[in-house]
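Worksheet for the structure shown next.
The values are calculated or read from the model by the stated rules, or taken from the named source; none is laboratory data. Fair warning: this is a prediction, and the values are worked out from it, not measured in the lab. All Cβ positions, even for glycine, are placed from backbone atoms using ideal geometry, and neighbour counts span all protein chains on display. Protein only, heavy atoms only, side chains kept; ligands, DNA and RNA dropped before computing areas. Shrake-Rupley method; radii C 1.70, N 1.55, O 1.52, S 1.80 Å.
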Amino acid sequence: MKFKYEVDVLELKEVHEIPDAWNKGDFLKLLDKIEYEDANSIPDNELKEMTIMALSDLEPEEAAELVLEVRLGEKLTVGQRKNLSEELKDDRLWEEYAEISFHEELFNVGCMIHWAYPRIYPYPDIVRLKLGITSKNSESKINLQNPTASFLARLLSDGMNEHNTIFRLFKENVKGNSFPASEDIIWKFQGNDFKEATNSLEVTIFTSWNWVDELKGVDQFESNAFADGQIDV
């Protein structure tokens, strides 16, 4: 393989929120659904707290349905929202729901309704993963200078055994040239500037434990990961 990397696992930590997953626009949409008066007059630094308070005045299931409507809109029917508002009390839907493209938003929904109803809805958890990635040849630099979800998902798979969830579900995509589901595996990532002196990049990834649980106990691994469209098949 022309792409070669050495990867150090710098952090594998449980977290309970994705930075900036909820913003001013989201809070205002939710307050509008709740029919909260004069929401636009609320100072920005108080919006989150006021939204949580407004939600907590509703019945828990009603609040959950409104949050689902704001975050997933017409992707869910009224009946589905009703069912999910109950299932979120007991199930880790951000890992278990059949449609994986919904996982990230189901986690964000879980966060909001937990903030409003901490005794009814569980505290959802995901993983923040920090990697130090070093390219071992000149061809490999391109994916550190411009990392993509498809590259990072293949990279994570390389760090685990062949029975890992990513490889089991998407073996053909991992080996092939197109991996559309990678966008649903790598929920959010942030990389610092590529360091020419060391040919390295540090990247922080937010995702569910479902995808990376087998990385527990792994400190370092090698990878031949590539981004979509970079190999001949």
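Mind checking which residues of segment 174-196 are within 16 Å of Thr207 (Cβ to Cβ), in a helix (DSSP H, G or I) and open to solvent by 10 Å² or more (accessible area, probe 1.4 Å)?
Listed by number, the residues that qualify are Val174, Glu183, Asp184.
Quick check on segment 1-18: of everything there that is open to solvent by less than 40 Å² (accessible area, probe 1.4 Å) and part of a loop (DSSP other than H, G, I, E, B), which residue is farthest from Trp94 (Cα to Cα)?
Looking at the filtered set, the residue picked out is Phe3.
Could you count how many residues in segment 77-89 are assigned to a loop (DSSP other than H, G, I, E, B) and either in contact with a strand residue (DSSP E or B) (Cβ under 8 Å, 6 or more places away or on another chain) or touching a residue at least 12 places away in the same chain (Cβ under 8 Å) (or both)?
The qualifying residues number 2.
If I filter segment 50-64 for residues that are charged (D, E, K, R), in a helix (DSSP H, G or I) and at pLDDT 95 or above, do I get at least one hit?
yes
Could you check Ile52 against (1) touching a residue at least 40 places away in the same chain (Cβ under 8 Å); (2) open to solvent by 20 Å² or more (accessible area, probe 1.4 Å); (3) under 30 Å from Ile133 (Cβ atoms); (4) of a type outside the set (Lys, Arg) and say which number it fails?
(3)
So the check is Cβ under 8 Å with 6+ separation or different chains; which pairs have a first residue in segment 25-45 that's among the hydroxyl-bearing types (Ser, Thr, Tyr) and a second one that's part of a helix (DSSP H, G or I)?
As it stands, the answer is Tyr36/Met50; Tyr36/Ala54, since those pairs meet every condition given.
Could you check segment 106-142 and list, in sequence order, the residues that are over 24 Å from Leu47 (Cα atoms), open to solvent by 50 Å² or more (accessible area, probe 1.4 Å) and not in a helix (DSSP H, G or I)?
Arg128, Lys130, Lys136
If I go through segment 183-200 residue by residue, how many of them are under 21 Å from Glu6 (Cβ atoms) and within 20 Å of the chain's Cα centre (by Cα)?
Final tally of qualifying residues: 5.
Please enumerate the residues belonging to segment 159-173 that are open to solvent by 90 Å² or more (accessible area, probe 1.4 Å) and modelled with pLDDT under 95.
Glu162, His163
Looking at Leu28, Leu47, Leu55, can you tell me which residue is under 25 Å from the mean Cα position of the chain (by Cα) and more than 19 Å from Glu105 (Cβ to Cβ)?
Result of the check over Leu28, Leu47, Leu55: Leu47.
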